[in-house]
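In what follows, a structure is listed as structure tokens, so that the remarks can point back to it.
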Amino acid sequence: MPADRSTALPAVRPLLPDVLLACAVALVAALADLYGPDHRTAFAPYWDIALAAPLALRRRAPATAAALVAAICFATWLTGVIAVAAAPAVLIMLYSLGAWERRRWLLALALVVAESGVIMAVARWTPHGRQWLTALMATGTVTAALVIGLYVRTRRAYLASMIERAETAERDRDHQARIAVAEERTRMAREMHDVIAHSLAVMITLNDAVAATAPEGPIRETVTQASEVGRQALSEMQRILGVLRGAGPADLMPQPGVEQLTDLVAIARSAGLTVELSISGEPGHLAPTTQLTIYRIVQESLTNVLKHSRNVRRVTVTLIHRENRVRIQVTNDGEPATTANASAAGHGLAGMRERTTLYQGRFQAGPTRGGGWEVLADLAVTDPATAA
């Protein structure tokens, strides 16, 4: 299970930027003590350096660094030294605590200590006429520093959470794609077993019968050789089916054809759709694989209507047989699928397109002019195995 990015902060935090920040605060404060107009004691630069030093640990150990800054500030108050680095060190530490410290009781304690320091500093060094205003401004400043740190931490946690959600969504999408592929492979294995493997078994049986009754000679030898080739093909087919099925068992029930379209439409009607089935023309002899392709295209089209269309009042399924081709048209008058739903149905549309291409056909699916959705497939009824 992935770690929670909102609470699991990096184990190793950058040290060099914090060291450089501490050095910069110490240098500026020391120079201000040495050359500024408010220079009061020769020891002030050392206090400034001591106050700036804990800033190097502000992200690696924010609580320890804050305690050191508080202790040094209290020492300067006791000795009466006005350190230039006191204000920036306190504000930086409060910000760092808000941004990196997760213990709420410690954050509350830091705010209380900072406010106590403000009161003590104002009482000792601020003239009486300006104490209330100075205390109010200092209180707002230290509170703002802590609040800004908390906001930065919350924002960082929010961004980490969004990244994790995106990664989780991507993993779920890939998982669903793998499931869809596995289901399609299982269905392909089932269809190959019931149609192609069955046809091979029948061919082998007929050849064996001819070989058993034919007299010795070239005919018997040719038929026997044909039976052996058929057995090899059947063995190879079984090996391919094992790869397609994977570890899961496959359903080996007989596969449906054109005659089962009535049952399919009845199932769709029981789900609440108003479906009309129209078959015209003379179908002639259709190979089992061709009938299965027609059935699957109609089945997938009706499934997409149930899953992705809204406010559907009527669905029309039309089969038109003419010479050596068959035209399949499934239309509905509902609202077209949204972009998200259309994306989710992408595997079904891709499967129908592949089945149509296998039969030298044309496939298209999309919204109609008057509203609704239409699936149109035009297939050659010649069995592709025979054509090959």
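Only the coordinates and a few stated rules stand behind these numbers; no lab work does. Because the structure is predicted, anything quoted here is derived from the model rather than measured. Note: ideal-geometry Cβ built from the backbone for every residue, glycine included; neighbour counts use all protein chains shown.
Would you tally the net charge around residue 256, using a Cβ to Cβ cut-off of less than 9 Å, leaving residue 256 out, and scoring K and R as +1, D and E as -1?
Value of the local net charge: -1.
List the residues whose amide H sits under 5 Å from the amide H of residue 325, counting only those 5 or more places along or on another chain, with H placed 1.01 Å from N in the peptide plane.
Under 5 Å from the amide H of residue 325 lie the amide H atoms of 381, each far enough along the sequence or on another chain.
What ranking do 363, 43 get, fewest neighbouring Cβ atoms within 10 angstrom at the top?
The order, fewest Cβ neighbours first, is 43, 363.
Whole-Hz Karplus ³J(HN,Hα) for the range 143-160, in order, using 6.51 cos²θ - 1.76 cosθ + 1.60 and θ = phi - 60°, x for Gly and Pro?
With coefficients 6.51, -1.76 and 1.60, one gets 5, 5, 4, 5, 5, 4, x, 4, 5, 4, 5, 5, 5, 5, 5, 5, 5, 4 Hz.
Could you order the peptides 48-56, 27-35 from most to least packed, using the average number of other C-beta atoms within 10 Å per residue?
Ranked from most to least packed, the peptides come out as 48-56, 27-35.
Which of 277, 136 comes first, and how do the rest follow, when ranked by fewest Cβ neighbours within 10 Å?
Ordered by Cβ neighbours within 10 Å, fewest first: 136, 277.
Show me, for the range 358-374, the HN-Hα J-couplings you get by feeding each phi into the Karplus relation (A = 6.51, B = -1.76, C = 1.60, θ = phi - 60°), rounded to Hz, glycine and proline as x.
With the stated coefficients, the range 358-374 comes to 4, 9, 6, x, 10, 9, 8, 8, x, x, 8, 5, x, x, x, 9, 9 Hz.
What full-extension length gain, to one decimal in nm, is calculated for residue 323 and residue 166 as 0.36 nm per residue of separation minus the Cα-Cα distance?
51.3 nm
Once you sort the root eigenvalues of the Cα gyration tensor of the range 258-387 as a ≥ b ≥ c, which label holds: rounded (a/c under 1.5), prolate (a/b larger than b/c) or oblate (the other case)?
Prolate.
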